[in-house]
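In what follows, a structure is listed as structure tokens, so that the remarks can point back to it.
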There are 2 protein chains.
Amino acid sequence: MSQTSNIQPLIEDLAKREQEQQIACEDCSLYRLCLPLGLHRDDLLLLDEIVMRSGNYQAKQSLFTATEAFSTLFVVRSGSFKTMISTSNGREQVTGFYFPGEFVGLEALHMPSYQSSAVALETSSICALPYQKVQALGEKLPRLQSQLLNRLSKELAGDKNFMLLLGKKTSEEKLATYLLSLSKRFELRGFSAKQFVLTMSRSDIANHLGLAVETISRVFTKFQDDGLIKTEGKVVSLAEIERLQALCG
Amino acid sequence: MSQTSNIQPLIEDLAKREQEQQIACEDCSLYRLCLPLGLHRDDLLLLDEIVMRSGNYQAKQSLFTATEAFSTLFVVRSGSFKTMISTSNGREQVTGFYFPGEFVGLEALHMPSYQSSAVALETSSICALPYQKVQALGEKLPRLQSQLLNRLSKELAGDKNFMLLLGKKTSEEKLATYLLSLSKRFELRGFSAKQFVLTMSRSDIANHLGLAVETISRVFTKFQDDGLIKTEGKVVSLAEIERLQALCG
DNA sequence: TTTTCACATTGACATAGATCAAGTGAACAG
DNA sequence: CTGTTCACTTGATCTATGTCAATGTGAAAA
């Protein structure tokens with residue numbers, strides 16, 4: 001009896017969360033950032049039908065792995081993810097970080113398997129789009145395809161830019177560029193451009209930027225000593241965005 | 001009179017070349033590699049109508065520049081191109097090389113301007129697809145859109161892999177990976193996988209792989225000393241593909 | 001043919017960033 | 001509360017690759 005009453009609020013909470021997850025695309029706060037933009041109301045309802053709003057992922061939980069058969073596109077709903085690929089001898093490269101409204105797994109849609117793996121960086125949730133259904137719907141809604149094309153193209157452009165960073169920038173330029181890129185993405189999502197939480201570890205950042213953890217740590221301290229940023233563990237404040245921009249190369 | 005007879009064969013040659021350039025998609029030798037794959041015969045004719053088979057580009061001639069307004073997708077018909085992006089302070093990164101049947105400029109289709117620039121590496125020709133027309137046609141032919149999506153996704157996957165190269169591989173692993181990647185692409189085009197011409201300069205290769213020209217030069221000599229490859233200027237022969245593969249990391 | 005010029009190679013030396021090693025502090029299990 | 005662990009920082013050293021300088025080479029120009 002007392003046990004039942006203890007559990008009751010938890011059940012209600014769960015139901016409420018469940019309900020929140022069932023929110024329709026047209027009501028989703030990510031509307032502006034996610035796929036639907038450019039779709040008509042009727043189209044949206046169709047899209048809505050194929051979207052599976054999946055449960056939560058805990059930190060370090062895998063969304064998909066490199067060898068797994070590709071079937072589903074994912075959009076981050078809340079939280080964040082990282083993607084990685086590996087050499088045959090086990091070295092890994094963090095290929096990207098993904099925030100709410102961003103697609104994960106786009107590079108796989110022409111292949112039988114995801115080639116990279118994706119892992120949650122914190123408690124996160126996603127929308128899953130079975131790609132077969134997306135394709136079928138795409139036959140009816142050319143706008144949906146166009147939107148997908150735009151998404152892919154945008155990610156491609158980002159990656160080309162990232163090649164410039166990996167190939168030609170110094171450690172300081174790399175970190176400055178990275179922090180400002182995060183800043184812009186948070187701002188776009190309605191968060192502060194000046195202060196945010198790094199949900200990824202220093203070593204994830206280092207790996208992504210093609211540097212050693214120690215180097216990242218040193219550059220963080222240098223930036224702090226120079227008054228460019230302030231860090232308190234995972235929280236970063238950008239004190240002088242303009243000077244940071246000048247540092248990007 | 002004698003002048004006329006001298007010019008006559010040239011005119012005929014030109015006409016013939018002109019005609020070759022007008023070859024329809026369905027008869028093009030790149031059919032298998034290019035966009036049309038998966039399109040029906042009727043669809044092909046529609047696609048054919050919007051394709052502009054453009055004249056030749058000489059080595060070093062620009063296909064588009066970073067600031068130029070985006071309007072057209074390009075497919076290499078013959079020859080080869082490189083694409084580059086630059087930092088504000090003028091450093092450049094070669095982001096890719098493009099061979100017959102490959103799309104150039106996909107990363108721009110969501111933007112007002114090409115963000116990168118493309119330059120011919122040798123005498124080359126292209127098919128130009130005005131993107132507005134592609135979009136319009138895409139409304140009627142969902143398969144066309146799907147094909148484009150596949151193209152983009154493929155390039156994206158390639159770029160993610162390239163991040164692994166830039167971020168985590170040694171100079172030797174980089175060059176070995178690069179040579180084998182070229183080899184596969186040439187083989188796919190019906191050329192020898194073992195012997196081919198490097199249409200790009202050593203310094204283009206170095207830049208692309210995030211290395212100095214001198215390093216590339218040294219690794220080439222090392223590979224040659226080790227009996228892995230033979231080079232004669234721009235011509236490379238891969239003598240021991242398996243050992244090269246083992247070197248890729 | 002000779003000249004030229006961009007490209008390529010080779011050697012000597014410099015350095016950004018990696019690696020190794022040690023220490024700190026916060027989170028977490030027992 | 002205490003020990004263990006993991007993420008992060010800091011310092012000392014090492015090294016892969018960059019930079020600088022000189023020389024070689026082959027194709028186009030003269």
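The values are calculated or read from the model by the stated rules, or taken from the named source; none is laboratory data. Since the model is a prediction, treat every value here as computed from it, not as a measurement. Glycine also receives a Cβ, built like all others from the backbone with ideal geometry; neighbour counts cover every protein chain displayed. These area figures cover heavy atoms from the full protein model, side chains too; ligands, DNA and RNA do not enter into them. Shrake-Rupley method; radii C 1.70, N 1.55, O 1.52, S 1.80 Å.
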Legend entry - Label-to-label distance, nm, for residues given as A:Leu37 and B:His40 (7 Å Cα→Cβ offset): 3.5
Inset, instruction - Go through the range B:100-115 and flag every residue whose accessible area shrinks by 10 Å² or more with all protein chains in place compared to the isolated chain (probe 1.4 Å). - result: B:Glu107, B:Leu109, B:His110, B:Gln115
Inset, instruction - Using Cα pairs closer than 8 Å and at least 6 residues apart in sequence, work out the relative contact order for the range B:2-165, in percent. - result: 28
Legend entry - Shape of chain B, Cα gyration tensor, a/c cut at 1.5: prolate
Legend entry - Label point distance in nm, A:Glu49-B:Ala136, each placed 7 Å from Cα along Cα→Cβ: 3.2
Legend entry - Spatial separation of Cα centroids for the range B:132-171 and the range A:76-134, in angstrom: 16
Legend entry - In degrees, nearest ten, helix A:171-188 long axis to first principal axis of chain A (Cα): 30
Legend entry - Rounded, prolate or oblate (a/c below 1.5 giving rounded, otherwise prolate when a/b exceeds b/c) for the range B:120-188 by Cα gyration tensor: prolate
Legend entry - Chains B and A together, accessible area buried on both sides, 1.4 angstrom probe, square angstrom: 4200
Legend entry - Percent RCO, i.e. relative contact order, over the range B:87-200, from Cα pairs under 8 Å lying at least 6 residues apart: 19
Legend entry - Options B:Leu244, B:Leu148, B:Phe220, ranked by Cα towards positive dipole end of the protein assembly as shown, top entry (Cβ charges): B:Phe220
Legend entry - Pairs beyond 29 Å (Cα-Cα), from A:Lys60/A:Lys154; A:Lys140/B:Lys82; A:Lys184/A:Lys230; A:Lys82/A:Lys154; A:Lys230/B:Lys169: A:Lys140/B:Lys82; A:Lys230/B:Lys169
Legend entry - Accessible surface, the range A:2-165, averaged per residue in Å² (probe 1.4 Å): 46
Legend entry - Only Lys, Arg (+1) and Asp, Glu (-1) charged, at Cβ; chain A dipole about Cα centre in debye: 500
Legend entry - Rounded FRET efficiency, nearest 0.05, which uses the C-beta distance separating B:Ser62 from A:Lys184 and R0 of 30 Å: 0.50
Inset, instruction - For the protein assembly as shown, give the percent of accessible area contributed by carbon and sulfur heavy atoms, probe 1.4 Å, rounded to a whole number. - result: 52
Legend entry - Distance between modelled label sites at A:Gln245 and B:Thr231, nm, 7 Å Cα→Cβ extension: 4.2
